[in-house]
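Below is one structure; the comments refer to it alone.
The values are calculated or read from the model by the stated rules, or taken from the named source; none is laboratory data. It should be emphasised that the depicted structure is a prediction, and the values quoted were computed from it without experimental measurement. Here the Cβ positions follow ideal geometry from the backbone for every residue, glycine too, while neighbour counts run over all protein chains shown. In case anyone asks, the SASA skips ligands and DNA or RNA and just uses the protein heavy atoms, side chains included. Shrake-Rupley method; radii C 1.70, N 1.55, O 1.52, S 1.80 Å.
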Amino acid sequence: MTTEILKRNLPRFELDQVRDLALELYGIRGEFSRQDSERDLSCKVRSDDGETVVLKIANAAEPESIIDFQVHALEHIAACNPRLPVPRMIASTNGRPYEWIESASGERHMLRVLSYLPGNPIDTRADALSDRMRYALGALVAELDLALRGFFHPAARSNDHLWDLTRCLELRPQIDLLADAELRDVCRRVFDHAEAVVLPQLRQLRWQVIHQDADARNTLVDPDEPHKPVGIIDFGDMLYGPLVAEIATIDTRAEDERDPVGCLCATAAGFDSRLPLEEAEVDLIYDASLIRQVTNVILVAGRDAIDDSHGYISGVEDDIRILGRTIDEGRDRATRRIREACRFPVYAALPRNGNTVDDDYDALAHKRTRRLGEVVHFYDKPLHFVRGEGPWLITPDGRRYLDAYNNVQQIGHANAHVARALYRQSSVLNVNTRYLCDIVADYAERLTADLPDHLNACVFVNSGSEANDVAMQLAKFASGREGALIMDAAYHGCTETTMELSPSESGRFDHLEYLEAPDMYRGRFADDADAAQKYAADVGRALADLGQRGHRPSAWMIDTALCSNGVAMAPDGYFDRVAREVQAAGGLVIADEVQAGMGRLGDFWGFRAQGLEHVDMITMGKPVGNGHPLGVVITDKALIDRFAAQIELFSTFGGNPVSCAAGMAVLDEIERLDLVNKGAEVGDYLRTQLRGLAERQPLIGDVRGKGMIIGLEFVTDRERKTPARAETEQLIDLMLAERILIGKSGPEQNALKMRPNFAWETAQVDYFVDALDRCLDKL
Ligand code: PMP
């Protein structure tokens, strides 16, 4: 086995020779003192004219291109960020950045002079080792990398040295030099994992020219305030490499060496504060640190074994202890901590080549119940998801569930454009709507652009319930009345007013009247050619009943998807007939588009999809921000103005620029990806496939819906339409076992309410229908 690569071969010059060269080539005279260096000869010179500089004689083996690389990098940094505390090149009297010199034995070396940075190397100041310092150092190194990100040099990839994290496997043979068998084993395991997992992943991350040696010898702190890093020196290991290697290089030495991962957290958070890390990078910091630590142990211990000049990089026993502690912490726990430090979702680590996040389900369920009360859910145990991806929700162990239920993340889970819009706006400004802000006005304009003239102004709030609450306040104000009409199984929200408007959840109230649902499957007029007229006739009855109790209607609030009515399909013309009657009776029509809006029914607006010609108000919620809380009331500006003249209409968070950025991004995606039409096509395909399935599966009584809302009703007897309540209940669990999320609905609780998001393709439809087929077979 060769030990050749571990030899340092320091340049051999006496101090007197160095003095003569400095005078001859740079005109520098002064007090010279040698400094430790791994490969070069380095002298600190306090010159007679009061300046302090560093003179470096490069290793004879150093190619000229590598020095040229450093010269250009330092020039680039000085140009990009002159405030960065890194050395500056000092030209020779001939105006050159370095000079060639010859040793007594005839070896040629490059000599150069750099400015001296004041400060104490961190390894000389035990009191510098704090999280505060590490955070600041991480930030400083990130700023250095920001300055270097536009820099390249042909030698950047040929600066071959043993500290290059991406070439660590070349050190494998040197592991045998280590005396301790257990340590050899640790090193082998780290390199095996590096080969199988880490290096292939590192190759796909961000690479650029990086310093890659900001360890405790090459970083300086303020002598009076040792928590303040004030300098980064020694650009000899600089190379083109993965950014994340930079963090791994910063020392993991803690004051008491007990918590090396804590050190990584502080450094990573500092780095991330200036140069935001990508998720895949954060998940490799721990492994990169292990590689760096193992490299260090191999090189230092190996050199100790063969070198005559050991002692320069000392403390390998400490390093071995720190390595042991880092390994003891384990990848999962360490990655969680690093994620938390950078505020990446802690439980959502990317499944890395079969590695999954540790999931202490019971502890989480207990914590949740203790602090938030019982979870309302549909299954035996509440599900735990850590990540969303288009149509999928993903558990900590990487299992993917198809989401057929959720009507909030309408354009797909974790939509990147929306996430970025939220981040970008909140990185710049978030204030309330008392200030003028472009995006808020632009968003209101965009939302109302294709609506009839009288729907021309927005009130922004934070939820569907609030939107409905405000809409009712406006309707009551406009009409001077307290009464209202709603559907018999409506749901409109959770505020006091909207809870009253939700007979599916609350009792009945004197000032409200409840319209019979226009159910075309099991309703009274299901098979009647005049069903629209007959169902709409219930308005007359309702108005009369309301009148008998001394109330008149301020409004008819209508969920145009009839979602809580089991996605009932109204006969053509029904909505418009009711609207006309209500309006004739002096009430306003409020289209609650919380479910139906944003393209759910195959038209951007639910009221249009249902052929409702004239609505007085629209309310929106759920999908408007694709998960970000945002609610909207759209109505006539004249009404809003009249109302606001008497009662202040203001919501602190409603319509803040960050919410509006989310709303804008949702509209961008809907338009650019033509999602409304796509949803209509996928929804039609789903209904067609389900009707096909119904030919084989007698339990399916009805398949209905519009666009991306689908109602699926189960009966034990098709003739009698006997609700299959128990079977529907069972089906939900069977579908869960198939990893599909679905919910039930309808007055008889025998209907599946499906609201797939627009990330669904026909592949998801096939997956769903096949699974449903298997589940129905089991019933
Ligand atoms: N209206 C309808 C039709 C709804 O379905 C809901 C919520 N399910 C709401 C209003 C209330 O919305 P939020 O939960 O955002 O307050």
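Find, among the chymotrypsin sites (Phe, Trp or Tyr not before Pro) in the stretch 639-703, those assigned to loop by DSSP (not H, G, I, E, B) with at most 14 other beta-carbon atoms within 10 angstrom.
Answer by residue number: Phe650.
What angle do you read, to the nearest 10 degrees and between 0 and 90, between the alpha-carbon axis of helix 15-26 and the longest principal axis of the chain?
Computed tilt is about 70 degrees.
Could you check the spin-label model distance between Ser651 and His614? Points 7 Å from the Cα along Cα→Cβ, value in nm.
It works out to 2.8 nm between the two label points.
With everything on Cα atoms, drop me the angle between helix 260-274 and the longest principal axis of the chain, reported from 0 to 90° to the nearest 10.
70 degrees
Restricting to bridges with both residues inside the stretch 621-768, how much of the DSSP beta-bridge set is antiparallel, in percent to the nearest 5?
Taking every DSSP beta bridge with both residues in the stretch 621-768, the antiparallel ones total about 95 percent.
Once both axes come from the Cα atoms, what is the angle between helix 538-548 and the longest principal axis of the chain, in degrees from 0 to 90, rounded to 10?
It works out to around 80 degrees.
Could you size up the charge dipole of the stretch 687-731 around its Cα centre, putting +1 on the beta carbon of Lys and Arg and -1 on that of Asp and Glu, and report it in debye to the nearest 20?
I would put it at about 220 debye.
Given Met238, Ala196, Gly262, which one lies farthest toward the positive end of the charge dipole of the stretch 174-277, if we put +1 on the Cβ of every Lys and Arg and -1 on the Cβ of every Asp and Glu?
Ala196
Please report the relative contact order for the stretch 94-133, taking Cα pairs under 8 Å with a sequence separation of at least 6, and give it as a percent rounded to a whole number.
Reported as a whole number, the value is 25 percent.
Report the residues of the stretch 463-490 in range of a label on Leu451: point 7 Å along Cα→C-beta, backbone N strictly under 12 Å from it.
Answer for the stretch 463-490: 471.
Tell me the net charge near Glu719. Cut-off is 15 Å between Cβ atoms, Glu719 excluded, with +1 for each Lys or Arg and -1 for each Asp or Glu.
Within the 15 Å Cβ shell, the charges total 0.
Roughly speaking, what is the stretch gain from Thr124 to Arg541, that is 0.36 nm per residue apart minus the C-alpha to C-alpha distance, in nm to one decimal?
The span from Thr124 to Arg541 would gain 141.2 nm if fully extended.
Between Leu673 and Asp572, what FRET efficiency comes out of the Förster formula 1/(1 + (r/R0)^6) with R0 = 30 Å and r the beta carbon distance, rounded to 0.05?
Working from the Cβ atoms, E equals 0.50.
Give the distance, in whole Å, between the Cα centre of the stretch 12-43 and the Cα centre of the stretch 228-286.
If you average the Cα positions of each part, the centres end up 32 Å apart.
At 1.4 Å probe size, with the rest of the protein present, what percent of the exposed accessible area of the stretch 494-640 is carbon and sulfur atoms?
46 percent
Suppose R0 equals 56 Å; then what is the FRET efficiency for Ala529 and Arg188 from their Cβ-Cβ distance, rounded to the nearest 0.05?
Calculated transfer efficiency: 0.10.
Is the shape of the stretch 10-152 best called rounded, prolate or oblate, per the rule: a/c under 1.5 gives rounded, else a/b larger than b/c gives prolate, else oblate, with a ≥ b ≥ c the square roots of the Cα gyration tensor eigenvalues?
prolate
In terms of the Cα gyration tensor, with a ≥ b ≥ c the square roots of its eigenvalues, is the chain rounded because a/c is under 1.5, prolate because a/b exceeds b/c, or oblate?
prolate
How much area per residue is accessible in the chain when the probe is 1.4 Å and only protein heavy atoms are counted (Å²)?
43 Å²
Using just the helices of the chain, give the 222 nm mean residue ellipticity in deg cm²/dmol: DSSP H runs with n ≥ 4 each add -39,500 (n - 2.57), and the total is spread over all residues, rounded to 500.
Using -39500 (n - 2.57) per qualifying helix, the result is -12000 deg cm²/dmol.
Of all the stretches in the chain, which is the longest one without any exposed loop site, taking GluC sites (Glu not before Pro) in a DSSP loop (any state but H, G, I, E, B) with at most 11 other Cβ atoms within 10 Å?
Between exposed loop sites, the widest span is 15-373.
Enumerate by residue number the chymotrypsin sites (Phe, Trp or Tyr not before Pro) in the stretch 380-439 meeting two conditions: DSSP loop (anything except H, G, I, E, B), and at most 16 other Cβ atoms within 10 Å of the site's Cβ.
Answer by residue number: Tyr435.
Report the extension gain between Arg420 and Glu695 in nm, rounded to one decimal, defined as 0.36 nm multiplied by the number of residues separating them, less their alpha carbon distance.
That pair, Arg420 and Glu695, stretches by 94.4 nm at full extension.
Can you give the net charge of the other residues whose Cβ lies under 14 Å from the Cβ of Cys168, counting K and R as +1 and D and E as -1?
Spelling it out: positives minus negatives among the neighbours equals -1.
Hey, what did the chain get for relative contact order, percent, Cα under 8 Å, at least 6 apart?
The normalised contact order for the chain reaches 10 percent.
Lys/Arg Cβ at +1, Asp/Glu Cβ at -1, dipole of the stretch 472-605 taken about the Cα centre: which of Gln583, Leu515, Thr498 is farthest positive-ward?
In the stretch 472-605, that residue is Gln583.
Only Lys, Arg, Asp and Glu count, each charged at its Cβ (+1, +1, -1, -1), so figure out the dipole size of the chain about its Cα centre, rounded to 20 debye.
So the magnitude is around 1040 debye.
What FRET efficiency comes out for Ala196 versus Asn430 if R0 is 30 angstrom and r is the Cβ-Cβ distance? Round to the nearest 0.05.
0.10
If you take every residue apart from His76 with its C-beta less than 15 Å away from the C-beta of His76, what net charge results, scoring Lys and Arg +1 and Asp and Glu -1?
Once positives and negatives cancel, what remains is -1.
Arg46 versus Glu14, label points 7 Å from Cα toward the beta carbon: distance in nm?
2.4 nm
If a/c stays under 1.5 just call it rounded; otherwise compare a/b with b/c (prolate if a/b is bigger, oblate if not). Do that for the stretch 134-256, with a ≥ b ≥ c from the square roots of the Cα gyration tensor eigenvalues.
Here the stretch 134-256 falls in the oblate category.
Mind checking the stretch 705-734 for trypsin sites (Lys or Arg not before Pro) that DSSP puts in a loop (not H, G, I, E or B) and that have at most 13 other Cβ atoms within 10 Å?
For trypsin sites (Lys or Arg not before Pro) across the stretch 705-734 that sit outside H, G, I, E and B with at most 13 neighbouring Cβ atoms in 10 Å, the list reads Arg718, Arg720.
In whole Å, how far is the Cα centre of the stretch 161-176 from that of the stretch 504-555?
Using only Cα atoms to place each centre, the spacing works out to 79 Å.
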